[in-house]
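The values are calculated or read from the model by the stated rules, or taken from the named source; none is laboratory data. Small disclaimer: the values here were computed from a predicted structure and weren't measured. Here the Cβ positions follow ideal geometry from the backbone for every residue, glycine too, while neighbour counts run over all protein chains shown.
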Amino acid sequence: MAFRRIYLFTLALVWGCMASSSSQQTAVAPPQDLQITDPGLLGSLDIEWKPPPNVQTFNECTVKYKFEYRNTGDREWKVIFTRKLKFRVGFDLSRTAEVKVQTLLEGRCTNDVEVQSEWIYATFQVPLQGKLESEVQNFHCIYHDWEYLKCTWQPGLLAPRGVHYGLYYWYEGLDHAEQCDDYIQDHGINIGCMLQNLSQAEYKDLSICVNGSAAATLLRPLYATLRLQNLAKPSPPKQLMVSTSTSEGLRVVWSPPGGETPPQCLEYEVQLAEEQGKTKAVWASVSTQMETAFTIARVNQSRISCVRVRGRTNIFCADQGFWSEWTQECISVSREEDKQLFILIPVILSLSSSLIIFMLIGQCKKRTPPEKATHMSVGC
């Protein structure tokens, strides 16, 4: 009995020592000195930290970091796994920026089990001036034909007369934030901006700030982060042609729009208007596709009065986009068939008249004696 107690005690002691040793080997500290700095790039902030103090003791393990960030009010964190110690990421500066980072340790020193440290946190908030109602309203941007960005806004509710607005922008590749040099004005007030030559900003975060100034009044700036490809609006498709064929039916063919819109980035919607008697024709979508041709079965042509097509950026090039305007060409299939019938009627009548004349001539020849036939006229 005593021997059994000694055995159990020894076993517990050994297990405790092993657990303690394993715990000491796999414990890892969080990073240190997490800092957020603003380089003046309209929302792109620099986040930096230092490695944990005991990182050099883990020679047989890989040390990585899990970095997460968001704006206050966002439901989800954006996650980055990295071995770097510094990142530049975009935020909406009208809200508080939140970041957190932890150490990840894995390798022989942890028996290939990932060990995580505690999190460390940091926040950043730009001092906001002016009341919220002084911020510009209805800010809206469209990237037309992948050639130029047009942004418009309206003065804030509390903006006084004589207010002056300026739009500033930055994207990765520019040394510093730049100001718009082509404003849209209404009664001398800037209410919009046209930005050209932004191809280098495609598929990057485009940071924008619309700031206002007025005598003796503080105005709150507006911050926005855009993705150009998600704001793209192409021109309508070109050269819409509709043809009929007995075998194929109604054939609709068009060409991609002009401008810099990549043809491979477009999808199209085809709509038909069907005749409803005396009521107004009703439009119905019949196809959404990436091809530039569509065939409609012959059986449906008698009810089709018009065809139109529009385009937008497809899911392979953007998360979303704006539809173009509809093509303006319109063809009345029923009228076209009536025109063909109108052309055929005189031909049929002409053939019928000829046939009647020949039949009368034949009857006359049967009635006329052979010896007098040379003295008869064709008209009997």
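Residues to consider are Ala284, Ala273; find the one that is of a type in the set (Gly, Ala, Ser), modelled with pLDDT under 85 and buried (at least 16 other Cβ atoms within 10 Å of the Cβ).
Testing whether each residue is of a type in the set (Gly, Ala, Ser), modelled with pLDDT under 85 and buried (at least 16 other Cβ atoms within 10 Å of the Cβ) leaves just Ala273.
I'm trying to understand the selection: among the residues of the range 219-244, which are in a strand (DSSP E or B), over 30 Å from Trp170 (Cβ atoms) and either touching a residue at least 40 places away in the same chain (Cβ under 8 Å) or under 26 Å from the mean Cα position of the chain (by Cα) (or both)?
Lys238, Gln239, Leu240, Val242, Thr244
Could you figure out which of (1) free of Cβ contacts under 8 Å to residues at least 12 places away in the same chain; (2) under 19 Å from the mean Cα position of the chain (by Cα) isn't true of Ala216?
For Ala216, the exception is condition (2).
Asp92 versus (1) at pLDDT 95 or above; (2) of a type in the set (D, E, K, R); (3) more than 23 Å from Val113 (Cα to Cα): which is the lone unmet condition?
It fails just one condition, (1).
Taking the range 42-58, which residues are among the hydroxyl-bearing types (Ser, Thr, Tyr) and either in contact with a Ser or Thr (Cβ under 9 Å, 6 or more places away or on another chain) or modelled with pLDDT of 95 or more (or both)?
If the condition is that a residue be among the hydroxyl-bearing types (Ser, Thr, Tyr) and either in contact with a Ser or Thr (Cβ under 9 Å, 6 or more places away or on another chain) or modelled with pLDDT of 95 or more (or both), then Ser44 is the only one that fits.
Residues that are at pLDDT below 95, touching a Cys at 6+ places or on another chain (Cβ under 7 Å) and surrounded by fewer than 16 Cβ atoms within 10 Å (Cβ to Cβ): does the range 59-67 have at least one?
yes
Being closer than 30 Å to Pro257 by Cα and of a type in the set (Asp, Glu) is the filter; apply it to the range 140-191 and report the residue that is surrounded by the fewest Cβ atoms within 10 Å (Cβ to Cβ).
Filtering first and then ranking leaves Asp181.
Quick one: in the range 52-110, of everything that is among the basic types (Lys, Arg) and farther than 14 Å from Pro30 by Cα, which residue is nearest to the chain's Cα centre (by Cα)?
Per the criteria, the residue is Lys78.
If you go through the range 52-89, how many residues are among the polar types (S, T, N, Q) and part of a strand (DSSP E or B)?
Number of matching residues: 3.
Quick test for you: out of Trp146, Trp153, pick the one residue that is touching a residue at least 24 places away in the same chain (Cβ under 8 Å), aromatic (Phe, Trp, Tyr) and touching a His at 6+ places or on another chain (Cβ under 8 Å).
Trp153
Regarding Thr82, is this residue assigned by TED's automatic domain parsing to the domain that holds Leu34, of a type in the set (Ser, Thr, Tyr) and either surrounded by fewer than 18 Cβ atoms within 10 Å (Cβ to Cβ) or within 27 Å of Ile208 (Cβ to Cβ) (or both)?
Against the criterion (assigned by TED's automatic domain parsing to the domain that holds Leu34, of a type in the set (Ser, Thr, Tyr) and either surrounded by fewer than 18 Cβ atoms within 10 Å (Cβ to Cβ) or within 27 Å of Ile208 (Cβ to Cβ) (or both)), Thr82 qualifies.
Name the residues in the range 117-137 that are under 28 Å from Lys100 (Cβ atoms) and part of a strand (DSSP E or B), would you?
Ile120, Tyr121, Ala122, Thr123, Phe124
For the range 171-178, does any single residue satisfy the condition of being under 30 Å from Thr292 (Cβ atoms), of a type in the set (A, V, I, L, M, F, W, C) and either touching a helix residue (DSSP H, G or I) at 6+ places or on another chain (Cβ under 9 Å) or not in a loop (DSSP other than H, G, I, E, B) (or both)?
Within the range 171-178, none of the residues are under 30 Å from Thr292 (Cβ atoms), of a type in the set (A, V, I, L, M, F, W, C) and either touching a helix residue (DSSP H, G or I) at 6+ places or on another chain (Cβ under 9 Å) or not in a loop (DSSP other than H, G, I, E, B) (or both).
Conditions: (1) more than 18 Å from Asn211 (Cβ to Cβ); (2) of a type in the set (Val, Ile, Thr); (3) modelled with pLDDT of 95 or more. Val136 meets all but one. Number of the miss?
(1)
Of the conditions (1) modelled with pLDDT under 95; (2) within 31 Å of the chain's Cα centre (by Cα); (3) of a type in the set (Gly, Ala, Ser), Gly130 satisfies every one except a single condition; which number is it?
Tallying (1) modelled with pLDDT under 95; (2) within 31 Å of the chain's Cα centre (by Cα); (3) of a type in the set (Gly, Ala, Ser), Gly130 fails exactly one: (2).
Filter the range 90-112 down to the residues that are surrounded by fewer than 17 Cβ atoms within 10 Å (Cβ to Cβ) and either in contact with a His (Cβ under 7 Å, 6 or more places away or on another chain) or assigned to a strand (DSSP E or B) (or both) and list them by number.
Gly107
Per-residue answers, yes or no, for (1) without any contact (Cβ under 8 Å) to a residue 24 or more places away in the chain; (2) in the same structural domain as Gly40 (by TED's automatic domain parsing); (3) within 19 Å of Asp205 (Cα to Cα):
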{"residue": "Arg70", "(1), (2), (3)": "no, yes, yes"}
{"residue": "Thr96", "(1), (2), (3)": "no, yes, yes"}
{"residue": "Asp112", "(1), (2), (3)": "yes, yes, no"}
{"residue": "Glu118", "(1), (2), (3)": "no, yes, no"}
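Looking only at the range 46-65, count how many residues are among the aliphatic types (A, V, I, L, M) and closer than 17 Å to Arg88 by Cβ.
Residues meeting the conditions: 1.
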